Amino acid sequence: MTTHLIETDKLTRWFGRLIAVNSVDLRVPQGSIYGFLGPNGAGKTTTIRMLLGLIRPTAGTVRLFGAPLREKSVEHRGRIGSLVETPAIYPHLTGRENLEVIRELRGGTRAQVAYALSVVGLEEAADRPAGHYSQGMVQRLGLAQALFSQPELLILDEPTNGLDPAGIHEVRDLIRRLPGEYGVTVFLSSHLLAEIEQMATHIGIIQQGRLIFQGTPDELRGRYQDYVRLQVDQPEAAQQALRQLGWQAEHNGNHHLRVAANGPADAALLNTQLVTRGLNVYHVELEQPSLEDIFLQLTAAPTVPAAGGLS
Amino acid sequence: MNALGRALRAEILKTRRTLALAMTVLAPLIIAVIQFAMYMQNRNYYLGRQAENPWLSFNQNVIVFWSLMMLPLFVTLETALLSGLEYNRKNWTLLYTLPVPRWVFYAAKELISLALIALSNAAMFGLMLLTGIILQAINPGYGLSAALIPWANMLQAYALVYLASFLIISIHLWVSSRWPNFVVALGVGIGATVAAVLIFQSDWGRFYPWTLPGLLALSTTNKADLSMSIPLFLALGAGGGLIFALLAGWNITRRDVL
């Protein structure tokens, strides 16, 4: 049975008359990189703040590590590292001193400071004021703060926001290494699908406060139809033959057909069936919607109830 | 208490190389320089006053300026700077996710504020003595001989002024923690201090938080009628400060971190 480090049930938050998060049921499996995806203003940061106990839900519950989140309970916070929006640094202190502040508050050791600096590759810049760091270095320092106590769960809100391409690459590379090398489960929000696609093993898509999909990237792709594009010498005859065989085939003008299919095996079968009926096939192409297409379709459509299940 | 000790050490670390720390000496230094300039400028007036211990009148000038004008403004600035350390980059979002109860952070902020204001009072006392000694070295006619320093009287005055400032420290820490905008904190501080100068002499002045340090400073000098009110001023200043800090901590730690 899958262990979920984060579970929410009907998590809801109103701000006055505006509903920011609406009955969200999150399931974040242990050992996953869970990409929490949604356009700006969709409710990602509000959800994260509720997971971290920074704001109270209007309704619903949060369970972390299998136990209900209680506002005044601090035990579970020792098992979580977080980075919400901008890194919380003191620019007049050096990178090392910033981690010393965390060490004092968490009650850690100097070895943990060195460990956190090494994980994010900031050893050489550790004794420079953090105010002189590049944005990428500040972000890595924020990650070092989050990783300081070697947490079981890392919650990151838009961790590559404002970074240049090199900084984005550095941070993504670091996050990808975390589950394998350090056994960390990562919950990561972003409005960039490409970012989530490159890192996440699981995806949750939120729009207008509602979770409209939750599952693996393959499950997300699986919810959308593949097509095979064919170029044939006799399109009308080919369309009739395929329909008789039970395919949904559309004639797209000239010599092109578009057939609803299910993966590369269907593409090969279609080719064989047409050729054995004496119809020449010039070109076969499998058309799979990209995650970006799916995301745009999902977030462009009017909000629908949460869909997709997670094993 | 272990968590509070750790949070306090973190607060001390955070004040390294900050304006908040530098101001604990700079603010009293301004008063000391003004006092020095005044004595040099009006040399003949001060040289002629030998009726009482010259240190008493010398200190009265310093401590009244300090407690009535500079200290309330300094408390405003100091608490705004300390709160700004957390607000400038929304650091509460990190602090409140650490395995430390929320009240500990506010208590540590209150304690570091009290400690820095104590440091500034000590600096004011030290700089006052130093200024007197320098003036005496320039012209022995001032009568500010080190042998005449009334240690007990003056130390008591600074201690009382400090205790009476607890209430404004707690009020300003709450204001600067409640409203992240620096302008709000400074506006409240400047407005309250200007009002303090206006109502200082009125009956209501005895119950106005921003006049309490000044009234205690006067009560330890030569105002016999005020000396009767020292317990009241202390109860309002120190006791009120403690009660206000508890209420403020309860209010701040219950707030959502948006």
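Have a look at A:Leu69, A:Leu37, A:Leu51 and point out the one that is surrounded by 19 or more Cβ atoms within 10 Å (Cβ to Cβ), away from every other protein chain (no Cβ under 13 Å) and aliphatic (A, V, I, L, M).
Details: A:Leu69 fails: away from every other protein chain (no Cβ under 13 Å); A:Leu51 fails: away from every other protein chain (no Cβ under 13 Å).
Selected residue: A:Leu37, the only one of A:Leu69, A:Leu37, A:Leu51 that is surrounded by 19 or more Cβ atoms within 10 Å (Cβ to Cβ), away from every other protein chain (no Cβ under 13 Å) and aliphatic (A, V, I, L, M).
Please specify each residue of the range A:35-58 satisfying the condition of being over 20 Å from B:Thr97 (Cα atoms) and modelled with pLDDT of 95 or more.
Step one: list which residues in the range A:35-58 are over 20 Å from B:Thr97 (Cα atoms), which gives A:35, A:37-42.
Listed by number, the list holds a single entry, A:Gly35.
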Qualifying position, being of a type outside the set (A, V, I, L, M) and assigned to a strand (DSSP E or B), among A:Arg221, A:Arg229
A:Arg229
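Are any residues in the range A:212-269 within 28 Å of the chain's Cα centre (by Cα), surrounded by 19 or more Cβ atoms within 10 Å (Cβ to Cβ) and farther than 30 Å from A:Lys44 by Cβ, and if so, which ones? Let's see the steps before the verdict.
Taking the range A:212-269 and keeping what is within 28 Å of the chain's Cα centre (by Cα), we get A:212-227, A:261-264.
With the extra rule that they be surrounded by 19 or more Cβ atoms within 10 Å (Cβ to Cβ), the set shrinks to A:212-215, A:220, A:227, A:261.
Listed by number, the residues that qualify are A:Tyr227, A:Ala261.
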Might you check whether a residue that is away from every other protein chain (no Cβ under 14 Å) and either buried (at least 16 other Cβ atoms within 10 Å of the Cβ) or outside any helix (DSSP H, G or I) (or both) occurs anywhere in the range A:152-160?
yes
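Does A:Ile19 satisfy the condition of being more than 23 Å from A:Leu153 (Cβ to Cβ) and of a type in the set (A, V, I, L, M)? Working first, answer last.
Details: more than 23 Å from A:Leu153 (Cβ to Cβ): yes; of a type in the set (A, V, I, L, M): yes.
It is true that A:Ile19 is more than 23 Å from A:Leu153 (Cβ to Cβ) and of a type in the set (A, V, I, L, M).
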Out of the residues in the range B:5-22 that are assigned to a loop (DSSP other than H, G, I, E, B) and within 9 Å of chain A (Cβ to nearest Cβ), state the one that is nearest to B:Glu78 (Cα to Cα).
B:Thr18
Across the range A:99-113, what is the total count of residues that are of a type in the set (Val, Ile, Thr) and facing chain B (nearest Cβ under 7 Å)?
1
Can you name the condition, by its number, that A:Arg96 falls short on among (1) facing chain B (nearest Cβ under 10 Å); (2) among the basic types (Lys, Arg); (3) surrounded by 19 or more Cβ atoms within 10 Å (Cβ to Cβ)?
(1)
Residue among A:Ala116, A:Ala59 that is closer than 23 Å to A:Ala166 by Cβ and either more than 9 Å from chain B (Cβ to nearest Cβ) or surrounded by fewer than 18 Cβ atoms within 10 Å (Cβ to Cβ) (or both)
A:Ala116
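Answer with yes or no whether B:Pro150 is more than 17 Å from the chain's Cα centre (by Cα) and surrounded by 13 or more Cβ atoms within 10 Å (Cβ to Cβ). Full working, then the answer.
Working: more than 17 Å from the chain's Cα centre (by Cα): yes; surrounded by 13 or more Cβ atoms within 10 Å (Cβ to Cβ): yes.
Taking the combined requirement at face value, the residue satisfies it.
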Which one of these does B:Val175 not meet: (1) within 30 Å of B:Phe58 (Cα to Cα); (2) at pLDDT 95 or above?
(1)
Suppose we filter the range A:270-284 for residues that are surrounded by 12 or more Cβ atoms within 10 Å (Cβ to Cβ) and either polar (S, T, N, Q) or under 24 Å from A:Glu219 (Cβ atoms) (or both); how many remain?
3
Looking only at the range B:196-217, decide whether some residue is at pLDDT 95 or above, surrounded by 20 or more Cβ atoms within 10 Å (Cβ to Cβ) and among the small types (Gly, Ala, Ser).
no
Any residue that is assigned to a helix (DSSP H, G or I), touching a helix residue (DSSP H, G or I) at 6+ places or on another chain (Cβ under 8 Å) and within 11 Å of chain B (Cβ to nearest Cβ) - is there at least one of those in the range A:167-178?
no
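Tell me yes or no: at least one residue of the range B:33-45 is part of a helix (DSSP H, G or I) and within 19 Å of B:Pro213 (Cβ to Cβ). Spell out the reasoning first.
So the first thing to find is which residues in the range B:33-45 are part of a helix (DSSP H, G or I), and the list is B:33-41, B:43-45.
With within 19 Å of B:Pro213 (Cβ to Cβ) added as a condition, the list becomes B:34-35.
The answer is yes, given that some residue of the range B:33-45 is part of a helix (DSSP H, G or I) and within 19 Å of B:Pro213 (Cβ to Cβ).
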Is it the case that some residue within the range B:53-72 is more than 14 Å from every other protein chain (Cβ to nearest Cβ) and part of a loop (DSSP other than H, G, I, E, B)?
yes
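Which members of the range A:259-298 meet the condition of being aliphatic (A, V, I, L, M) and assigned to a helix (DSSP H, G or I)?
Scanning the range A:259-298 gives A:Ala265, A:Ala267, A:Ala268, A:Leu269, A:Leu270, A:Leu274, A:Val275, A:Leu291, A:Ile294, A:Leu296, A:Leu298.
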Only unsatisfied item for B:Arg178, checking (1) surrounded by 14 or more Cβ atoms within 10 Å (Cβ to Cβ); (2) within 20 Å of the chain's Cα centre (by Cα); (3) within 30 Å of B:Phe105 (Cα to Cα), is (2)
Checking A:Glu85 against (1) closer than 30 Å to A:Arg210 by Cα; (2) among the acidic types (Asp, Glu); (3) more than 10 Å from chain B (Cβ to nearest Cβ), the condition it does not meet
(3)
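Restricting the search to the range A:72-85, which residues are of a type in the set (A, V, I, L, M) and crowded, with 20+ Cβ neighbours inside 10 Å? Write out each step before concluding.
At the first step, the residues of the range A:72-85 found to be of a type in the set (A, V, I, L, M) are A:74, A:80, A:83-84.
Matches in the range A:72-85: A:Ile80, A:Leu83, A:Val84.
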Given (1) farther than 30 Å from B:Gly205 by Cα; (2) crowded, with 22+ Cβ neighbours inside 10 Å; (3) modelled with pLDDT under 95, index of the condition B:Lys90 fails
(2)
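Residues are listed down the side, and each one gets a yes or a no for (1) away from chain A (no Cβ under 14 Å); (2) under 24 Å from B:Leu242 (Cα atoms):
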position	(1), (2)
B:Lys90	no, no
B:Thr93	no, no
B:Lys109	no, yes
B:Ala115	yes, yes
B:Leu119	yes, yes
B:Ala122	yes, yes
B:Met128	yes, no
B:Thr131	yes, no
B:Leu135	yes, no
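The values are calculated or read from the model by the stated rules, or taken from the named source; none is laboratory data. Values in this document were obtained by computation on a predicted structure and should not be read as measured data. Glycine gets a Cβ as well: all are built from the backbone with ideal geometry, and neighbour counts include every protein chain shown.
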